[in-house]
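What follows is one structure encoded as structure tokens, with my remarks underneath.
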Amino acid sequence: MRPEPRRALVALAMLTLALAAPCAVPAAADGVSRAESRLVDRAVPDIPLRLADGRTTRLAALAGDRPLLVAFFYRRCAGVCTPLLEWVRDAVREVGGLGADYRVLALSFDDADTVADLRAQARAIGVLGSPHWSFAIAERDAVAQVAGAVDFWYRRDPATGQYDHPALVLALDRGRVVRAMLGAPGGSDRFRELVWELRGAFIPFYRVPGQTPLACIAFDPRTGATRLDWGLALLALPALAAVGAALVTFAGAGRHRRAA
Amino acid sequence: MRAVKSQTLYWMAITFVLFPVLILLGIYMRSVQAGALPALEGWFYPMMTLHGVGMVGVWYVAAVACAANVLAKYAAPSPAIGRLAIAGTVVGVLLLLACVFLGRFAAGWYFLYPLPFKGEWPAWSAVVFLVSLTVLGATWLVWSLDLLRAIAARYSLGQALGWHYLAGRSDPVLPPAVLIITVSLIASVAALVAGVIMLVLFYLELATGAPNDALLMKNLIFFFGHTLVNLALYLGVALAYEVLPEYAGRPWKTNKVVVISWNAVLAIVLVAYFHHLYMDVVQPGVLLYIGQVASYASAIPAAVVTIFGALLLVYRARMRWNLASILFFLGLAGWAIGGVGAVIDSTISANVRLHNTLWVPAHFHTYMVAGLVFLVVAYFYHVCQEAAAAPERTGYQKLLATLMVLGAYGFFLMFYLSGAYSVPRRFAAYPAELAHGAIYSGIAAAFAALFLLGFVLYLVETGKRWRRALAHAS
């Protein structure tokens, strides 16, 4: 082998190694997102439910032909449950589409909860009487089936009577998970994106970077409004470059032709 | 006997080796989807990536190589740049093979951001994939610019785009193939620059960790990929304009309609790719409507004018039918048929239903295989036969053309039926509720094998002529 190609190969290998080193960084930051993405397309069992008004139904019948947003809670929770439901309520009000595009179900996983507890919880967050919100309890085994299907865990602490559990919101469509959100309320933009997806918009389920130096079109998940950004100029650049290259090439050759 | 440029013959050899291998990968994928190869299921996505990038790349360079050979009649492309294009393509293909077979890189031929960084494959394989695209893109950009330079050495920009015909003048005479090649090369530069910008953004993220905007990257990827595929087709059509008149015994001249239509293509092809972003809520609605209108509009100047022109050319002509003219005619038909599927898919209300189904591979396989592949292999046979002047076996040629047509259209039909029955694309294995997808896949694999058989017979017929042509190559 001659020295030039060898040097080129070495340079290529070094470039590859140098570029590969930071490549793992973005993937490592997405642990939570991966846990959520594992739930996508999981089938959720169609369990019987008892609603706050005393009626009984099944999960599939409650959803009907629309997607269903499911949040897990229990009435005596001194932690995340009520803030989680309030968070869902506020985001749903902001984004809209409730009733027309999807319904919400708050499902208790505490077999000590009663129909009266469900009504109390609904009243506490101001949605009692809303036809598009449902609060439900179910048999212990039935809840366990649903929880098992979506990796939702809960453990009762005998000392306090409180449950140790994560905060989980599921978007179901035709009995399958289309999106899941794990974690405490706070970063509500992702939740709003989830609701946009339930309204029929395509939102990638993987996490996309938030702070981009050069955006194309900015999207406000609160209002659904879009705003053009500077990155859009990069989409015009190829056409301008092509026209410029053609003009320069033909002008240069034209001079040669005339000179000849 | 007409001598062929040796570089054209080398491009043929590359195509003749790679295409059957890539067909086998396609048959493998449909067999996995049919449930016939469960032990090899793990390779589905790496092979999907190789099949997609490989097919697009092979047929793009094959079409450009044919265009360069056509141009050589009227202008003088640089032989050195031609050699660089071959060398760069070989290096790019080797890098692609390395990242797929050694690194199991499997982000698909769209490699939509941020997927290359999110998969289970090692980081180095994503980098090698990007380096492979860089080598290929940079080489092809230089090649395109050199071919433009060659055209510019004979024509002014206005002449090469046929604008003097609009003023009622026909001097200098501009062959329609040169007009189409000029339009395609200018648009190719735009597509390849879009690819360069996209790759630079990928590298910047790798080097600095600063994330990119997913929508910007998706726009750039489709500006690059979709436009390049379209242009490969247009170059294939240019071959038909150049060669089909020889078999019809009539000229196919440039006129005002041809000039207007192909100049319109130059603008339309650069915005048609927006139809790939219908599902992205953030993409402004006006761009989506531009995508739909441009997709419809691109069918009128290019396809309607060309198909109408081809029919007039052949109608009541003393047509000399051989393998080349048959495949040219079939190629134009396949382009039109695939175009109908594409127009349906580019309709927003239909795309909502069809976008993630096998309808999408259905239409692009139709215009790639029954359109571009037929046009290019027709040209390959034509130049080899011109050089070899060998006696032609009409029955054998009709048989192999029949096998290729039956195999191809049977294969497409399974995709179309699957798409119409909501079978999703990019599934390696179908769940129970999509079991009908597995049945279509099995039948499709059989049809693809039939097409491969036809192509092997084509290779036998053309290969003999290729060897003689190589002996007399210039």
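The values are calculated or read from the model by the stated rules, or taken from the named source; none is laboratory data. Fair warning: this is a prediction, and the values are worked out from it, not measured in the lab. Methodologically, a virtual Cβ is constructed for each residue, glycine included, from the backbone with ideal geometry; neighbour enumeration extends over all protein chains shown.
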Inset, instruction - Hey, can you tell me all the residues within segment A:218-258 that are of a type in the set (Asp, Glu) and free of Cβ contacts under 8 Å to residues at least 12 places away in the same chain? - result: A:ASP220
Inset, instruction - Residues being buried (at least 20 other Cβ atoms within 10 Å of the Cβ) and modelled with pLDDT under 95: count how many of those fall in segment B:447-474. - result: 1
Inset, instruction - Answer with yes or no whether B:VAL257 is more than 10 Å from chain A (Cβ to nearest Cβ), in a helix (DSSP H, G or I), of a type in the set (Val, Ile, Thr) and surrounded by fewer than 21 Cβ atoms within 10 Å (Cβ to Cβ). - result: yes
Legend entry - Matching residues in segment A:221-260 - criterion: being more than 7 Å from every other protein chain (Cβ to nearest Cβ) and hydroxyl-bearing (Ser, Thr, Tyr): A:THR223
Legend entry - segment B:209-254 - residue that is among the polar types (S, T, N, Q) and facing another protein chain (nearest Cβ under 8 Å) and, of those, nearest to B:ALA72 (Cα to Cα): B:ASN219
Inset, instruction - Would you mind stating whether B:VAL200 is out of contact with any helix residue (DSSP H, G or I) (no Cβ under 8 Å at 6 or more places or on another chain) and surrounded by fewer than 24 Cβ atoms within 10 Å (Cβ to Cβ)? - result: yes
Legend entry - Filter result for A:THR114 (more than 20 Å from the chain's Cα centre (by Cα), of a type in the set (Ser, Thr, Tyr) and at pLDDT below 95): no
Legend entry - Sole exception among (1) touching a helix residue (DSSP H, G or I) at 6+ places or on another chain (Cβ under 7 Å); (2) modelled with pLDDT under 95; (3) facing chain A (nearest Cβ under 8 Å) for B:LEU148, by number: (2)
Legend entry - segment B:291-334, subset outside any helix (DSSP H, G or I) and of a type in the set (Phe, Trp, Tyr), residue farthest from the chain's Cα centre (by Cα): B:TYR315
Legend entry - Subset of segment B:274-290 that is part of a loop (DSSP other than H, G, I, E, B) and touching a Phe, Trp or Tyr at 6+ places or on another chain (Cβ under 9 Å) - its residue that is farthest from the other protein chains (Cβ to nearest Cβ): B:TYR278
Inset, instruction - Hey, could you check segment B:210-254 for residues that are part of a loop (DSSP other than H, G, I, E, B) and of a type in the set (Gly, Ala, Ser) and say which is farthest from A:PRO238 (Cα to Cα)? - result: B:GLY249
Legend entry - Failed condition for B:PRO116, given (1) under 23 Å from the mean Cα position of the chain (by Cα); (2) closer than 26 Å to B:HIS276 by Cα; (3) not basic (Lys, Arg): (1)
Inset, instruction - Working only within segment B:28-59, note down all residues that are aliphatic (A, V, I, L, M), surrounded by fewer than 21 Cβ atoms within 10 Å (Cβ to Cβ) and touching a residue at least 60 places away in the same chain (Cβ under 8 Å). - result: B:ALA34, B:ALA36, B:VAL56
Inset, instruction - Scan segment B:152-174 residue by residue and report those that are of a type outside the set (Ser, Thr, Tyr), surrounded by 20 or more Cβ atoms within 10 Å (Cβ to Cβ) and more than 8 Å from chain A (Cβ to nearest Cβ). - result: B:GLN159, B:LEU161, B:GLY162, B:LEU174
Inset, instruction - Mind listing just one residue for me: the one in segment B:96-122 that is aliphatic (A, V, I, L, M), surrounded by fewer than 22 Cβ atoms within 10 Å (Cβ to Cβ) and part of a helix (DSSP H, G or I) and, of those, nearest to the other protein chains (Cβ to nearest Cβ)? - result: B:LEU115
Inset, instruction - Among the numbered conditions (1) surrounded by 16 or more Cβ atoms within 10 Å (Cβ to Cβ); (2) not in a loop (DSSP other than H, G, I, E, B), tell me where A:ARG123 comes up short. - result: (1)
Legend entry - Residues (surrounded by 21 or more Cβ atoms within 10 Å (Cβ to Cβ) and of a type outside the set (Gly, Ala, Ser)) located in segment B:417-446: B:VAL423, B:TYR440
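For every residue, the table says whether it meets (1) closer than 30 Å to B:VAL32 by Cβ; (2) assigned to a helix (DSSP H, G or I); (3) at pLDDT 95 or above.
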{"site": "B:HIS363", "(1), (2), (3)": "yes, yes, no"}
{"site": "B:LEU372", "(1), (2), (3)": "yes, yes, yes"}
{"site": "B:TYR381", "(1), (2), (3)": "no, yes, yes"}
{"site": "B:VAL405", "(1), (2), (3)": "yes, yes, yes"}
Legend entry - Every residue from segment A:50-93 that is among the small types (Gly, Ala, Ser) and touching a helix residue (DSSP H, G or I) at 6+ places or on another chain (Cβ under 7 Å): A:ALA52, A:GLY54, A:ALA71, A:ALA91
